[in-house]
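See structure below.
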Amino acid sequence: YMKNWQLLFEGIDHVLTQPKNKGEYYLTDAFQYMIDKGAKIKVIDVDGWYDAGKIDTLLETNRAMLEKGRARKPEGLGGTIFEPVYIEDGVTINDSVVGPNVSIGAGSIIDGSRIRDTVIGTKTRIARCELVNSLVGDEVVLAGVKGEVTIGDHSEVRNDG
């Protein structure tokens, strides 16, 4: 799981501008760049193989990580929360049912929705939706959407009818 993708990509760009090490580039050098910039990297042992290369396996991996202790629920959230969930600080939940197996990035707003088995990025706004087995990117606006969806970053989907 990578929380700060932007810093990782910045690290990769930095590595690609440096001379090759033994004729190759190493991802670990990008991780070191992240650490040098103040990022914290945590390694956890997991039993089994967890893949994030496809949507269904990413959702399975999210579920497994939540069940194995990666869950987090800040105080003072509105709505009804069914654990396990991973909800970052700065999330607003109003008149909604969230969980189980939901991860929500910082700054997102969930209003009047039912969400389970879903990963939601940062600064995303979801209103009047019923989402299951979904993957929603960063800075997305969803309104009136029901079912399984996969929505990339900086997208907007409204079903106001």
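The values are calculated or read from the model by the stated rules, or taken from the named source; none is laboratory data. Remember, it's a predicted structure, so these values are computed and weren't measured experimentally. Heads up, the Cβs are rebuilt from the backbone with ideal geometry, glycines too, and the neighbour counts pull from every protein chain shown.
Quick notes on this one:
- Qualifying residue in the range 57-72 (condition: of a type outside the set (F, W, Y), loosely packed, with under 11 Cβ neighbours inside 10 Å and over 19 Å from T122 (Cα atoms)): yes
- The range 1-104 holds helices (runs of 4 or more DSSP H) entirely within its bounds, and those carrying 1 or more residues that are in contact with a His (Cβ under 6 Å, 6 or more places away or on another chain) and without any contact (Cβ under 8 Å) to a residue 40 or more places away in the chain map to 27-36.
- Whether a residue is under 13 Å from the mean Cα position of the chain (by Cα) and surrounded by fewer than 17 Cβ atoms within 10 Å (Cβ to Cβ) was assessed, and T92 does not pass this test.
- Selection of the range 34-76 for residues being under 14 Å from the mean Cα position of the chain (by Cα), modelled with pLDDT under 80 and acidic (D, E) yields an empty set.
- From the options T122, T118, residue that is polar (S, T, N, Q), part of a loop (DSSP other than H, G, I, E, B) and crowded, with 18+ Cβ neighbours inside 10 Å: T122
- Evaluated against (1) farther than 19 Å from N4 by Cα; (2) assigned to a loop (DSSP other than H, G, I, E, B), I110 falls short on exactly one condition, (2).
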